Amino acid sequence: VQLQASGGGLVQAGDSLRLSCTDSGHSSRNFDMAWFRQAPGKEREFVAAIRWSGGNTLYADSVKGRFTISIRNAQYTVYLQMNSLEPGDTALYYCAARTRRVWSDFHSRAYNYWGQGTQVTVSS
């Protein structure tokens with residue numbers, strides 16, 4: 001699994017961004033995928049998760065209704081569509097993967113593979 005994240009940028013409050021995470025190793029179809037974020041001086045926090053096959057999804061309460069996680073199988077790519085962005089969403093966003101397991105424990109320690117971060121900055 002070789003994850004490469006992209007799509008971050010500087011936007012204004014209320015704008016949208018779509019983050020992409022591509023597995024260039026083409027081995028993630030039996031994995032669970034997730035997005036995490038880390039703001040300066042804060043712990044890395046869970047944002048959203050999806051099962052590669054089966055479609056289970058889960059969202060942090062802070063992004064529910066605004067963010068959508070999805071997968072494009074053919075491109076081995078996971079997306080995070082972020083709408084109605086708020087200054088509190090400013091962080092370095094990471095995609096992560098783990099071998100498929102029981103659909104629980106979404107702490108960062110449960111994920112084995114990480115992409116490089118992509119910065120999202122939301123101005124007020």
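Residue pairs whose Cβ atoms lie under 8 Å apart, sitting 6 or more positions apart in sequence or on different chains, and linking a residue in the stretch 76-89 that is more than 9 Å from residue 19 (Cβ to Cβ) to a partner that is open to solvent by less than 10 Å² (accessible area, probe 1.4 Å) and outside any strand (DSSP E or B), are 76/28; 89/63.
Restricting attention to the stretch 89-123, the residues being within 28 Å of residue 12 (Cβ to Cβ), open to solvent by 60 Å² or more (accessible area, probe 1.4 Å) and not in a strand (DSSP E or B) number 1. Suppose we keep only residues that are farther than 18 Å from residue 98 by Cβ, open to solvent by 50 Å² or more (accessible area, probe 1.4 Å) and in a strand (DSSP E or B) within the stretch 50-73. Which one would you say is modelled with the lowest pLDDT? This residue is 72.
Within the stretch 1-28, residues that are within 27 Å of residue 100 (Cβ to Cβ) reach partners that are open to solvent by 50 Å² or more (accessible area, probe 1.4 Å) and aromatic (Phe, Trp, Tyr) with beta carbons closer than 7 Å, at six or more positions or on different chains, in the pairs 1/113; 3/113; 3/114.
Among the residues of this structure, residue 25 counts as one that is open to solvent by 30 Å² or more (accessible area, probe 1.4 Å), more than 27 Å from residue 122 (Cβ to Cβ) and either part of a loop (DSSP other than H, G, I, E, B) or in contact with an Asp or Glu (Cβ under 9 Å, 6 or more places away or on another chain) (or both).
Does residue 78 fit the bill of being in a strand (DSSP E or B), farther than 16 Å from residue 122 by Cβ and open to solvent by less than 10 Å² (accessible area, probe 1.4 Å)?
yes
Filtering 46, 36 for residues that are at negative phi, crowded, with 22+ Cβ neighbours inside 10 Å, modelled with pLDDT of 95 or more and not in a loop (DSSP other than H, G, I, E, B) leaves a single hit, 36.
The values are calculated or read from the model by the stated rules, or taken from the named source; none is laboratory data. Bear in mind the structure is a predicted one, so any value in this text is a computation, not a measurement. A quick note on method: Cβ atoms are made from the backbone with ideal geometry, for glycine too, and the neighbour counts reach across all protein chains shown. All accessible areas refer to the heavy atoms of the entire protein, side chains included, with ligands and DNA or RNA removed. Shrake-Rupley method; radii C 1.70, N 1.55, O 1.52, S 1.80 Å.
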